[in-house]
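Colleague: Take this structure first; my questions come after.
The values are calculated or read from the model by the stated rules, or taken from the named source; none is laboratory data. Values in this document were obtained by computation on a predicted structure and should not be read as measured data. For neighbour counting, all protein chains shown are included, and Cβ atoms are generated from backbone atoms with ideal geometry for every residue, glycine included.
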Amino acid sequence: MLPHPVVSGAPREQWSSRAGFVLAAVGSAVGLGNMWRFPYLTAEHGGAAFVILYVGVTLAVGLPVLLAELAIGRGAQQSPVRALVHYGGRRWRPLGLVFVAAGFLILSYYSVIAGWALRYTGIALAGGFDAGIAERFAEISEGWDAFGFHLAIMAMTVGIVAGGVRAGIERTALVLMPTLFVLVCGLAVYAATLEGGAPGYEYYLSTDFGDLWSRDVLTQAAGQTFFSLSLGMGAMLTYGSYLGRDNHLPNEALLIAGADLAVAVIAGLVVFPLIFALGLAGAVGESTVGALFITLPQAFAGMGGVGRAVGAVFFAVLVVAALTSAISLLEVVVASAMDGLGWTRRRAALGLGGAIALLGVPPAFHIGVLDLMDKLANNVLLLGGGLALAVFAGWVMADPVAEVRVGAGGVRWFFLWRTLLRFAVPALLLFVLADAVPKTLTAVAAFF
Ligand code: PHE
């Protein structure tokens, strides 16, 4: 057994069980990305063909980086900034700080969207949706309403993170994630019973390989993999740092990625039959936000009393998915302040959560800013962070394989893993970034 690095102060918190860790990590991965962006991207870009591309990108790029993050975190027993310094020396500190900044940025708009979902849950419970939801969304999505519900989400997130790794994060995941799986599957089964839903499956999964061979689609698939698996900003690294030495990291990574993909695919099996059964097919293509927050509620409105119940369940699922992801975003920031500045967990959660709540003002009051922040995070920060992590684990760490071997013993394809990290992952990410960075910068420039 390798000795643990010595950490000053109180002993480091740890997950109490394997299930607790896996569910917390799946909670981080399963979020708005699964329910909101994956079904939409799939429908837009060749249906089942896109799913195949996405699985390929996940196996070749997402999974190796996920394993690297878990290994770095567990090996160093430190949050991102210190973990990178632990293995790479002080010149890697700035990268860790970029991760913390990414946590700030992503959570500040992510929580605004989660707030819309919370609001929608309330609307469904209070009487259901009606035909005027498009106008209503325009009111709800920007301004004081949006800000208020963002604050509510942030308050819950802060409360849970302040509770600690076991009593806060792990306990929440143990209750909420199984509930979420059951509800999502229940919704998919219900959707399958609807008359007229069949064209929805057709729209979602009909295979068209013609659309795949563009750099843009590859960029979107790569961006989605990183966003959906919470990679490239130290979230999985931080969760890995609360692990002991006996987890089989490759198995955990496969389990997390598999569960994330399953929920994403099932979410599409919920969304599209519902929309098509109500004859709203024409309204899907406009935007991801539109499909979820306008078209779908219109479908619920058309379903009468059942629509209220189904709508409430659907948006509650969205809130749960988003909340367990928001927790991991805040944990990156909080753990860094605890390890790096010696803050207590309470102080870090309240102070930094409060700062992120304030940073939510621009995206809450201006949906264009929210969109821009999402592009920046998705296309630049996470992909760039993933590239840096692959280089770090592939070239800088002295012996990453030794760390993964702990608890995993005789697995033989470690060589493949390191080769992917060294060559395939950087090559693909550079190719994608060369396209995505200029586009994103143009979008930023056009905004101002
Ligand atoms: N994985 C989350 C989702 O799919 C988002 C997320 C990104 C969470 C990065 C943490 C870190 O919605």
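Colleague: Across region 235-268, what is the number of residues that are hydroxyl-bearing (S, T, Y) and out of contact with any Ser or Thr (no Cβ under 7 Å at 6 or more places or on another chain)? Outline the logic, then answer.
Modeller: Keep residues of region 235-268 that are hydroxyl-bearing (S, T, Y), which gives 238-239, 241-242.
Keeping just the survivors that are out of contact with any Ser or Thr (no Cβ under 7 Å at 6 or more places or on another chain) gives 242.
Of the residues in region 235-268, 1 are hydroxyl-bearing (S, T, Y) and out of contact with any Ser or Thr (no Cβ under 7 Å at 6 or more places or on another chain).
Colleague: For region 223-244, enumerate the residues that are under 10 Å from the mean Cα position of the chain (by Cα) and more than 9 Å from the ligand (Cβ to nearest atom). Show your work before the answer.
Modeller: We begin by selecting, within region 223-244, every residue under 10 Å from the mean Cα position of the chain (by Cα); these are 224-231, 235.
Listed by number, the list holds a single entry, T225.
Colleague: If only one of A335, A348 is away from the ligand (no atom under 15 Å from the Cβ), small (G, A, S) and over 18 Å from the mean Cα position of the chain (by Cα), which one is it? Let's see the steps before the verdict.
Modeller: Details: A335 fails: away from the ligand (no atom under 15 Å from the Cβ).
The match here is A348.
Colleague: Of the conditions (1) in a helix (DSSP H, G or I); (2) under 14 Å from the mean Cα position of the chain (by Cα), E252 satisfies every one except a single condition; which number is it?
Modeller: (2)
Colleague: Any chance region 409-420 includes a residue that's hydrophobic (A, V, I, L, M, F, W, C), surrounded by fewer than 21 Cβ atoms within 10 Å (Cβ to Cβ), assigned to a helix (DSSP H, G or I) and in contact (Cβ under 8 Å) with a residue 24 or more places away in the chain?
Modeller: As a first pass, look at region 409-420 and keep what is hydrophobic (A, V, I, L, M, F, W, C): 411, 413-417, 420.
From what's left, surrounded by fewer than 21 Cβ atoms within 10 Å (Cβ to Cβ): 411, 413-416.
Filter again for assigned to a helix (DSSP H, G or I), leaving 414-416.
Okay, now just the ones that are also in contact (Cβ under 8 Å) with a residue 24 or more places away in the chain, so none.
Within region 409-420 (the criterion being hydrophobic (A, V, I, L, M, F, W, C), surrounded by fewer than 21 Cβ atoms within 10 Å (Cβ to Cβ), assigned to a helix (DSSP H, G or I) and in contact (Cβ under 8 Å) with a residue 24 or more places away in the chain), the answer is no, since none of the residues qualifies.
Colleague: Name the single residue, out of those in region 97-122 being without any contact (Cβ under 8 Å) to a residue 60 or more places away in the chain and within 29 Å of R308 (Cα to Cα), that is nearest to the ligand (Cβ to nearest atom).
Modeller: Checked region 97-122; the qualifying residue nearest to the ligand (Cβ to nearest atom) is R119.
Colleague: Additional query: Taking region 148-194, which residues are of a type in the set (A, V, I, L, M) and farther than 29 Å from A357 by Cβ? Steps first, please.
Modeller: Just the residues of region 148-194 that are of a type in the set (A, V, I, L, M), to begin with: 151-156, 158, 160-162, 165, 167, 169, 173-177, 180, 182-184, 187-189, 191-192, 194.
Within region 148-194, V182, L187, A188, V189, A191, A192, L194 qualify.
Colleague: Taking helices (runs of 4 or more DSSP H) that do not extend beyond region 15-77, which have at least 3 residues that are within 12 Å of Y239 (Cβ to Cβ), within 14 Å of the ligand (Cβ to nearest atom) and among the aliphatic types (A, V, I, L, M)? Talk me through it step by step, then tell me what you get.
Modeller: Details: elements: 18-29, 38-44, 48-57, 63-76.
Filter on region 15-77 gives 18-29.
Colleague: How many residues does region 299-348 contain that are in contact (Cβ under 8 Å) with a residue 60 or more places away in the chain, among the polar types (S, T, N, Q) and either farther than 16 Å from E13 by Cα or not in a helix (DSSP H, G or I) (or both)?
Modeller: Residues meeting the conditions: 2.
Colleague: Report every pair of residues separated by at least 6 positions or lying on different chains whose Cβ atoms are under 7 Å apart, first residue within region 253-266 and over 9 Å from A25 (Cβ atoms), second within 12 Å of the ligand (Cβ to nearest atom) and aromatic (F, W, Y).
Modeller: Within 7 Å, the pairs are A264/F38.
Colleague: Sticking with this structure for a sec: Residues of region 78-91 being over 20 Å from the mean Cα position of the chain (by Cα) and either in a helix (DSSP H, G or I) or hydrophobic (A, V, I, L, M, F, W, C) (or both), which ones? Before you say what the answer is, go through the steps one by one.
Modeller: Quick first cut of region 78-91, residues over 20 Å from the mean Cα position of the chain (by Cα) only: 78, 81-91.
If the condition is that a residue be over 20 Å from the mean Cα position of the chain (by Cα) and either in a helix (DSSP H, G or I) or hydrophobic (A, V, I, L, M, F, W, C) (or both), then V81, R82, A83, L84, V85, H86, Y87, G88, R90, R91 are the ones that fit.
Colleague: In region 192-214, is there at least one residue being among the charged types (D, E, K, R), farther than 27 Å from L383 by Cα and crowded, with 23+ Cβ neighbours inside 10 Å?
Modeller: The initial filter retains those residues of region 192-214 that are among the charged types (D, E, K, R), namely 195, 202, 208, 211.
Still in the list and also farther than 27 Å from L383 by Cα: 195, 202.
Checking the rest, the ones that are also crowded, with 23+ Cβ neighbours inside 10 Å come to none.
Checked against the condition, which is being among the charged types (D, E, K, R), farther than 27 Å from L383 by Cα and crowded, with 23+ Cβ neighbours inside 10 Å, region 192-214 yields no hits at all.
Colleague: While we're on this one: Within region 395-408, work out how many residues are free of Cβ contacts under 8 Å to residues at least 60 places away in the same chain and assigned to a helix (DSSP H, G or I).
Modeller: First pass over region 395-408, keeping only residues free of Cβ contacts under 8 Å to residues at least 60 places away in the same chain: 395, 399, 401, 405.
Of the ones still in play, those that are also assigned to a helix (DSSP H, G or I) are 395, 401, 405.
Count: 3.
Colleague: Would you mind stating whether F99 is modelled with pLDDT under 95 and buried (at least 21 other Cβ atoms within 10 Å of the Cβ)?
Modeller: Details: modelled with pLDDT under 95: no; buried (at least 21 other Cβ atoms within 10 Å of the Cβ): yes.
So F99 fails the test.
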